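I'd like to ask you about the structure that follows.
The values are calculated or read from the model by the stated rules, or taken from the named source; none is laboratory data. For clarity, every value in this text was computed on a predicted model and none was experimentally measured. Please note: Cβ atoms are built from the backbone with ideal geometry, for glycine as well, and neighbour counts cover all protein chains shown.
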Amino acid sequence: MKAGKLVSTTALVLAAAGWLPVAAADTTEAMCEARKDGETRKGASGPCSFSQRQGYVSIDLRNGETWELSPRDKANHFRDQKGNKVVRSVEGGDHIYKWEHRKIIVSFNQQHGHDHGDNNGHNDHGGNSANHGQTPHELRDLVDGGYVGGEVADEMGRRGYHSVRDEVSGNDVYSYYKGHGNCVTVRLDGRRHVRSIVTGPDLDCQR
């Protein structure tokens, strides 16, 4: 059976079982670092495809592995197609998915397939995606500033950003905003002070 047919069949089975939404997911190209505990080689690392829709996540690695993640009741917690627990964290512009004995880091600040990149397909100068993980200049004063809780949302609105959604992870709250052509993530600590504001892929700002 050809790989394309196998993936399609698997997707249909997972959708029927409730693992995947019926609606088509939005897909973007990214860089993935995939590694099991104690593994030194990077056979699965490199350019990958990432899609997210209604909380469901799909990661296609360059070695042919595909991970389908279904959201659980708690924010940033998933189960893969084998029923294993997966926890997501966000660091800068990276999404980190952790299993018990493996992790996959999905980076959105690289572009691929350009001749002027290095031999691993990296390109440090391509397109708007190179700005992911940066703090917009008009928001820099909010980080570790005096705004707390609801004041942050009010100030973001005054500066041209509208709230899309919120996620809770431990004591922190991750608030996603759209504005000025950017999707930004605002991280609030347990006291609801702003600890970081970074740009990320448009996928982060989908409801």
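Could you tell me whether the stretch 186-196 includes any residue that is crowded, with 17+ Cβ neighbours inside 10 Å, at pLDDT 80 or above and closer than 30 Å to Gly46 by Cβ?
yes
Take the residues of the stretch 169-178 that are surrounded by fewer than 19 Cβ atoms within 10 Å (Cβ to Cβ) and assigned to a strand (DSSP E or B): which is modelled with the lowest pLDDT?
Within the stretch 169-178, the match that is modelled with the lowest pLDDT is Ser169.
Still on this structure: Would you pick out the residues in the stretch 161-185 that are under 22 Å from Ser51 (Cα atoms) and of a type in the set (A, V, I, L, M, F, W, C)?
Listed by number, the residues that qualify are Val164, Val168, Cys183, Val184.
Another question, if that's okay. Return a yes/no flag: does the stretch 67-90 have any residue that is of a type in the set (A, V, I, L, M, F, W, C), farther than 27 Å from Ile197 by Cβ and modelled with pLDDT of 90 or more.
Among the residues of the stretch 67-90, at least one is of a type in the set (A, V, I, L, M, F, W, C), farther than 27 Å from Ile197 by Cβ and modelled with pLDDT of 90 or more, which makes the answer yes.
May I pose another question? Just one of the numbered conditions (1) under 21 Å from Asp202 (Cα atoms); (2) buried (at least 19 other Cβ atoms within 10 Å of the Cβ) is not true of Glu91; which one?
(2)
Then there is this: Test Lys5 against the criterion of being of a type in the set (Lys, Arg), at pLDDT below 85 and over 14 Å from Val106 (Cβ atoms), and give yes or no.
Yes.
Let me ask another. Filter the stretch 139-178 down to residues that are without any contact (Cβ under 8 Å) to a residue 40 or more places away in the chain and either in the same structural domain as Lys74 (by TED's automatic domain parsing) or at positive phi (or both) and give me whichever is farthest from the chain's Cα centre (by Cα).
Within the stretch 139-178, the match that is farthest from the chain's Cα centre (by Cα) is Gly160.
Considering only the stretch 37-66, state which residues are surrounded by fewer than 15 Cβ atoms within 10 Å (Cβ to Cβ) and at pLDDT 80 or above.
Correct list: Asn63, Gly64, Glu65.
Go through the stretch 134-168 residue by residue and tally those that are assigned to a loop (DSSP other than H, G, I, E, B) and closer than 15 Å to Cys205 by Cβ.
Residues in the stretch 134-168 being assigned to a loop (DSSP other than H, G, I, E, B) and closer than 15 Å to Cys205 by Cβ: 3 in total.
Name every residue in the stretch 72-94 that is within 28 Å of Gln134 (Cβ to Cβ), part of a strand (DSSP E or B) and out of contact with any Pro (no Cβ under 9 Å at 6 or more places or on another chain), in order of residue number.
Scanning the stretch 72-94 gives Val86, Val87, Arg88, Ser89, Val90, Glu91, Asp94.
Return the residue satisfying two criteria in turn: it lies in the stretch 8-36 and is over 14 Å from Tyr97 (Cβ atoms) and charged (D, E, K, R), and of such residues it is modelled with the lowest pLDDT.
Asp26
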